[in-house]
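The values are calculated or read from the model by the stated rules, or taken from the named source; none is laboratory data. Remember, predicted model here, so these are calculated numbers, not experimental data. Glycine also receives a Cβ, built like all others from the backbone with ideal geometry; neighbour counts cover every protein chain displayed. These area figures cover heavy atoms from the full protein model, side chains too; ligands, DNA and RNA do not enter into them. Shrake-Rupley method; radii C 1.70, N 1.55, O 1.52, S 1.80 Å.
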Amino acid sequence: MNTLFLTKKTNRTVKCLEYEELKMQYEILLNKLIELEKTEAELKKIISSFSTAYDQKLGKYIEELLLLRKNWYEAESLIHPEQRRIFEEVCDDYESYRKTYNDSLNETACDLNPKDQIVIKKLWKKACKLCHPDIVSHKQAEETFKRLNNAYKKNDLNQVKEILSDLEGGIFSEGKNDYKNNKEYLTRKIKHIKCTIRRLKREINELKNSSIYQEIFNIKNWDDYFSIKRDQLKEKIKIWKRNHFNEA
C-alpha cells in the first residue's frame, strides 16, 4: 500500500516538474520572441521612415526625370516603332513612381522627443504581449497586432496607448491562452514559437543585409545626404534636357 502511494506521489511530482520546466521554457521563448519582434519592428520603422523621407524630399525631381524619359521615348517610338516596348516600360516606371510619390506625400509620422520614444517602446512591448498571435488565440489578435505595429511605425503614441488600453480592458479575455496543467498545449506552443523565432531571425538578417538598410546604416546625416542627392538629380535633369531636348 505504501509502495503504491509512493509511486503515485513520485509520478505526480515528476509530472509537476515536467510541467514547470515546460512552462519556464515557454516563458523564456516568449520573451525572446517579443525581443525579436521589437528588433524587426524597429528595423522596419527605420526603413519606412527613410523611404518616406526620400520620396518626400526627392520625389519631385525623380518624377521630373522619369517624365523626361517618358516623353523622349514616346517621341522615339513614333519614329522607330521597335522602341515601343522600351517606351511602355518607361511609361510604367513613371506611372508607378508617380503613385509612390503621391502616396508618400500623404504619409505622416509623429515626431517624438527622446522621452516619448522610450515610452512608446515600453507601451508597444507591453501591448505586444497581449495581442501577439502566438500568445493570444483570439481571431482578432493578428489584426490588432498589425494595427499596433503600424501605429508604432508611425510613432503614433496616442494610438499605441489606445490599443494597449483596449487590450488591458480585456477585449481578448475569451481568447486568452490558458496553459495551466496542459503539457500538450505547452509542447505544441513551444514548437510553434521556435518556428516563429527562426523565421524572425531570418527576416531580421534579410532586413539588415538589404541594400536600402546598408545605405541607411552608412548615412551620417540624412539632411546632408538628401541635399547631395537633390543636387545630383538636378544635374541629371539638366543633362537630359540638354542632350535630348536641346535645352541650354
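Under the definition of Cα pairs under 8 Å and six or more residues apart, what whole-number percent is the relative contact order of the stretch 126-247?
It rounds to 20 percent for the stretch 126-247.
Suppose every Lys and Arg Cβ carries +1 and every Asp and Glu Cβ carries -1, with no other charges. What dipole size does the stretch 109-177 come out with about its Cα centre, to the nearest 20 debye?
Dipole magnitude for the stretch 109-177 comes out near 260 debye.
What are the residues whose amide H is under 5 Å from the amide H of residue 136, where those residues sit 5 or more places off or on another chain and H is modelled from the backbone?
none
Cross-link list 70/154; 60/121; 121/183; 122/154; 44/236: which exceed 22 angstrom alpha carbon to alpha carbon? Don't skip to the answer; put the middle values down first.
Details: 70/154 34 Å; 60/121 34 Å; 121/183 33 Å; 122/154 16 Å; 44/236 31 Å.
Beyond 22 Å between Cα atoms: 70/154; 60/121; 121/183; 44/236.
Can you give the relative contact order of the chain as a percent, counting alpha carbon pairs under 8 Å and 6+ residues apart?
30 percent
Placing unit charges on C-beta atoms (Lys and Arg positive, Asp and Glu negative, everything else neutral), compute the dipole magnitude of the chain about its Cα centre in debye, rounded to 20.
That gives the chain a dipole magnitude of about 1360 debye.
Average projected area of the Cα convex hull of the stretch 34-187, in nm²?
With every direction weighted equally, the projected area is 13.4 nm².
So what J values fall out for the stretch 235-241 if you push phi through Karplus, 6.51 cos²θ - 1.76 cosθ + 1.60 with θ = phi - 60°, rounded to Hz, Gly and Pro as x?
3J(HN,Hα) across the stretch 235-241, in whole Hz: 5, 5, 5, 4, 5, 5, 5.
Can you tell which of 126, 99, 38 shows the greatest fluctuation in a Gaussian network model of the chain with Cα springs below 10 Å?
For the chain, modelled as a Gaussian network with Cα springs under 10 Å, the answer is 99.
Any idea what angle helix 2-79 forms with the longest principal axis of the chain, computed on alpha-carbon atoms, 0 to 90 degrees, nearest 10?
10 degrees
As a quick test, which of the pairs 45/229; 32/161; 32/146; 99/126 have an alpha carbon distance above 28 angstrom in this structure?
From the list (45/229; 32/161; 32/146; 99/126), the Cα-Cα distance tops 28 Å for 99/126.
Over the stretch 145-248, what percent of the accessible surface lies on carbon and sulfur atoms, probe 1.4 Å? Could you put the intermediate results ahead of the total?
Values: 3220 of 7190 Å².
The nonpolar share, carbon plus sulfur, comes to 45 percent.
Direction-averaged shadow area of the convex hull around the Cα atoms of the stretch 80-165, nm²? List each step's numbers first, then the result.
Values: hull surface 35.7 nm².
Spelled out: convex hull of the Cα atoms, projected over all directions, averaged, 8.9 nm².
Could you run the Karplus curve 6.51 cos²θ - 1.76 cosθ + 1.60 with θ = phi - 60° over the stretch 135-150 and give me ³J(HN,Hα) per residue in whole Hz, x for Gly and Pro?
Whole-Hz 3J(HN,Hα) from phi for the stretch 135-150: 10, 10, 8, 4, 5, 8, 4, 4, 5, 5, 5, 5, 5, 4, 5, 5.
Could you check how much of the accessible area of the stretch 32-103 is carbon and sulfur, as a whole percent, using a 1.4 Å probe?
After summing per-atom areas, the C and S share lands at 50 percent.
Given the options 218, 195, 244, identify the residue whose Cα lies farthest towards the positive end of the charge dipole of the chain (+1 on Cβ of Lys, Arg; -1 on Cβ of Asp, Glu).
195
Using just the helices of the chain, give the 222 nm mean residue ellipticity in deg cm²/dmol: DSSP H runs with n ≥ 4 each add -39,500 (n - 2.57), and the total is spread over all residues, rounded to 500. It would help to have the intermediate numbers written out before the result.
Working: 8 runs with 201 residues, N = 248.
So the calculated ellipticity at 222 nm is -28500 deg cm²/dmol.
Can you find, among 68, 185, 86, the residue sitting farthest towards the positive end of the charge dipole of the chain, where Lys and Arg contribute +1 and Asp and Glu -1 at Cβ?
Working it through, the farthest residue towards the positive pole turns out to be 185.
Show me, for the stretch 164-169, the HN-Hα J-couplings you get by feeding each phi into the Karplus relation (A = 6.51, B = -1.76, C = 1.60, θ = phi - 60°), rounded to Hz, glycine and proline as x.
So the J values, rounded to whole Hz, are 4, 4, 5, 5, 5, x.
What's the FRET efficiency of residue 105 with residue 129 using the Cβ-Cβ distance as r and R₀ = 35 Å, to the nearest 0.05? Spell out each step's value before the answer.
Working: r = 36 Å, r/R0 = 1.02.
Efficiency for this residue pair is about 0.45.
Can you pull the Kirkwood radius for the stretch 18-103, inverse mean 1/r over Cα pairs, to one decimal in Å?
Numbers: mean 1/r = 0.0597 Å⁻¹.
Every distinct Cα pair counted, the radius reaches 16.7 Å.
So which aspartates and glutamates pass the test for residue 191, namely a Cα distance under 14 Å, with those fewer than 8 places away in the same chain ruled out?
27, 134
Could you give the size of the charge dipole of the stretch 128-248 about its Cα centre, using +1 on the Cβ of each K and R and -1 on the Cβ of each D and E, expressed in debye and rounded to the nearest 20?
Around 520 debye, computed over the stretch 128-248.
Among 57-68, 144-155, how do they line up by average Cβ neighbours within 10 Å per residue, starting with the highest?
The most tightly packed comes first, giving 144-155, 57-68.
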